[in-house]
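Quick note: the coordinates plus some simple rules give every number you see, no bench work behind them. What you are looking at is a predicted structure, and each value in this text was computed from that prediction instead of being measured. Cβ placement follows ideal geometry from the backbone for every residue including glycine, while neighbour counts extend to all protein chains displayed.
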């Protein structure tokens, strides 16, 4: 009987830890989401020389490693609201392709928060928008090249800071 109690007790902490992980992850994502607007806790050195996608109505500002390496913070500015309209279609799911491993990275969508993208309909010229992409296992590192894809549009050879 004591052995059974010990087995049950041994299982309880691991299950309890798994239950606590999801709320902590949600809190971390929310803090990152709220903090990214204007605090100095995120790396802000952009890739000003890169302009892929300008023909699509956007200008890439930066792609930074965030959340201890587990997220990619993609920032872009709308230069032409009409051309950029497809980027704001909620039916289109953006993703990143790591060029060295050809791995597809998606936008996380926590149940209570939804997709980690900033959208407004219609898009506003001159406004900076963001998309957070998951980076499981810290696959993409600083200096790597990525492709940001949405439907049939691709922004190639973007350097990660």
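Structure above, values below:
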item	result
Leading residue by the ranking (farthest from residue 117 (Cα to Cα)) among those in the range 59-81 that are free of Cβ contacts under 8 Å to residues at least 60 places away in the same chain and in a strand (DSSP E or B)	59
Number of positions in the range 104-120 that are touching a helix residue (DSSP H, G or I) at 6+ places or on another chain (Cβ under 9 Å), assigned to a strand (DSSP E or B) and surrounded by fewer than 14 Cβ atoms within 10 Å (Cβ to Cβ)	0
Those strands (runs of 3 or more DSSP E) lying entirely in the range 121-161 with at least 3 residues in contact (Cβ under 8 Å) with a residue 12 or more places away in the chain and within 16 Å of residue 102 (Cα to Cα)	145-150, 153-159
Residues (on the phi > 0 side of the Ramachandran plot and in contact with a strand residue (DSSP E or B) (Cβ under 8 Å, 6 or more places away or on another chain)) located in the range 142-160	143, 157
Long-range neighbours under 6 Å by Cβ, at least six apart or interchain, first residue under 16 Å from residue 56 (Cβ atoms) within the range 82-107, second assigned to a helix (DSSP H, G or I)	83/56
